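Novice: Dumping the structure here so I can ask a few things about it.
The values are calculated or read from the model by the stated rules, or taken from the named source; none is laboratory data. The structure presented is a predicted model; accordingly, all values stated were derived computationally and were not measured. Cβ placement follows ideal geometry from the backbone for every residue including glycine, while neighbour counts extend to all protein chains displayed. To get the accessible areas, we keep the full protein, side chains included, count just its heavy atoms, and leave off ligands, DNA and RNA. Shrake-Rupley method; radii C 1.70, N 1.55, O 1.52, S 1.80 Å.
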Amino acid sequence: MFVLEATTVLWVLAAAFGLLNHHVLKLPFTIGLLVSGLTASLAMLGMDALVPSLGLADEARTAVLEIDFADAVLHGLLSVLLFAGALHTDIDRLLDRAGPILSLATVGVVVSTAVAGGAAWAVFGLFGLEVPFAWCLVFGALISPTDPIAVLGIMRSAGARPSLEAKIVGESLFNDGVGVVVFLVLVQMASGGGHDGHGQAIGAAAVAKLLFLEIVGGLVLGLAFGWIAYRAMRSLDAANLEILISAACVLALNLVALKLHVSAPLAAVAAGLLLGNRGRLFAMSDETKRHLDIVWHFIDEVLNAILFLLVGLEVFALAFQLQPMLAGLVLIPLVLLARSAAVFLPLAALRRFVDLPRGSRRVLIWGGLKGGISVALAMSLEPSAAREPILVATYLTVIFSIVVQGLTVGPLIRRLAEDSDATGAPAPPSR
């Protein structure tokens, strides 16, 4: 009954805030929902501070915290959203730019984790917050993945070049899975003081094995489930049933991935790419393609709306203490610095093989939006002295990223395109 009530409330709030945004705020849909939810939450907190007898904040906080945000995102929404994004991604463009995409999604995540983690350790210490270095690295890992859904919508609305769009979207599709795996490894190490659950020291070989099993296992599982769904869809021509098969595919692989302890996000991406490319070519009629796109676009929009709305409402989960808030604000530009390192270092190593259009690095840095995944990972941490500073810093960084970067990266892309056209010498395409 609670699930039904919570779903109903979220749908009603999403519709109401969406209507408000459409007529008043006029922001991009998901950003408008986040801003509306955040504003309503802060207004309720302010009213409760002025008139404590109302008890509005406590009731709202209880209702919001009853929804397990971390579980809902990491064990449900994330896989479905990544599947929907991969379903509409051209795999040929990804393969043409596999080098930059893989380097950004792997080496870039590790570089960002190290830089952001080191910055967090210095900043938390500066404000007298006792957060061990291992937990600072956990913060670096959870804040490094970019949000593929927000990135995809912005790239398309801004009219980004296909080569640049493929790099940013491709990175976002894969670095979520890689980032979650790195996060899990670091949490295990931080929680056990460098030891696993059996008291054995976690060495480089053990970490490499865990990463390999999570990443490769997830990709193999996704391809296996995608292939089964593909063969089933190829055996018939019934749009409704084929759409049902696609939904069953992602839900089933998500459940199995959790049971097998492999990466569900990467499994969802692999299955989505297979069905969205080979499936479209050989297993779907034109009618099925149209129906599939309509249904999955609707699922994508609805779940994305609910996710961003929940991010705005999760302000009730924060404890408003001065030191963590100040530390979080200071960390915002430092996380951007970590993103810069995560973009420049891998691409510098590939500069002999890859030509980027003028200004692409700036777009890759500023367009690397953080989202609900980072908040969910922070909220999944067990209660400890380190959890609150990490959660506050994560939340503030995500809000800045979605609102400030999300509203300005589109104009940045258009301005760079106009500058390139004005010179009469467009930047060379990526190879």
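Novice: Under unit Cβ charges (Lys, Arg +1; Asp, Glu -1), what dipole magnitude, rounded to 20 debye, does the chain have relative to its Cα centre?
Specialist: Numbers: 26 positive and 31 negative charges, 291 e Å.
Using only the charged Cβ atoms, the result is roughly 1400 debye.
Novice: So if R0 is 35 Å, what FRET efficiency would residue 209 and residue 353 give, r being the distance between their Cβ atoms, rounded to the nearest 0.05?
Specialist: Working: r = 30 Å, r/R0 = 0.85.
FRET efficiency, residue 209 to residue 353: 0.70.
Novice: Filter the trypsin sites (Lys or Arg not before Pro) in region 1-99 to those in DSSP coil with at most 15 other Cβ atoms within 10 Å of their Cβ, and list the result.
Specialist: Numbers: sites: 26, 61, 93, 97; in loops: 26, 97.
Listed in order of number, the matching sites are 26.
Novice: Given labels modelled 7 Å from the Cα in the Cβ direction, how far is it in nm from residue 281 to residue 22?
Specialist: Taking the two extended label points, one gets 3.9 nm.
Novice: Just tell me which lysines come within less than 30 Å, Cα to Cα, of residue 167; anything on the same chain fewer than 8 places away is out.
Specialist: 26, 209, 289, 370
Novice: Right, something else. I need to check one value: relative contact order of the chain, counting alpha carbon pairs closer than 8 Å and at least 6 residues apart, in percent.
Specialist: Numbers: 623 pairs, mean separation 119.0, N = 431.
The normalised contact order for the chain reaches 28 percent.
Novice: I would also like to ask the following. Counting heavy atoms of the protein chains only and a 1.4 Å probe, report the per residue accessible area for the chain as a whole number of Å². Please report the intermediate quantities before stating the final value.
Specialist: Values: 18950 Å² over 431 residues.
Accessible surface, normalised per residue, equals 44 Å².
Novice: Could you tell me what percent of the accessible area of the chain is made up of carbon and sulfur, with a 1.4 Å probe and every protein chain present?
Specialist: Details: 12970 of 18950 Å².
Here carbon and sulfur together make up 68 percent of the probe-accessible area.
Novice: By the gyration tensor of its Cα atoms, with a ≥ b ≥ c the square roots of the eigenvalues, what is the shape of the chain: rounded for a/c under 1.5, prolate for a/b over b/c, or oblate? Don't skip to the answer; put the middle values down first.
Specialist: Working: a/c = 1.26, a/b = 1.18, b/c = 1.07.
Cα axes put the chain in the rounded bin.
Novice: Can you compute 3J(HN,Hα) from phi for each residue in region 69-75, using the Karplus curve 6.51 cos²θ - 1.76 cosθ + 1.60 with θ = phi - 60°, rounded to whole Hz and x for Gly and Pro?
Specialist: 4, 4, 5, 4, 7, 6, 10
Novice: Using 0.36 nm per residue, how much length does the chain from residue 297 to residue 234 gain when fully extended, once their Cα-Cα distance is taken away? Walk me through the numbers on the way to the answer.
Specialist: Working: separation 63, 0.36 × 63 = 22.68 nm, distance 2.18 nm.
This chain segment gains 20.5 nm when fully extended.
Novice: If you take the square roots of the eigenvalues of the alpha-carbon gyration tensor of region 249-322 and sort them as a ≥ b ≥ c, do you get rounded (a/c under 1.5), prolate (a/b over b/c) or oblate?
Specialist: Details: a/c = 3.86, a/b = 1.73, b/c = 2.24.
Verdict is oblate for region 249-322.
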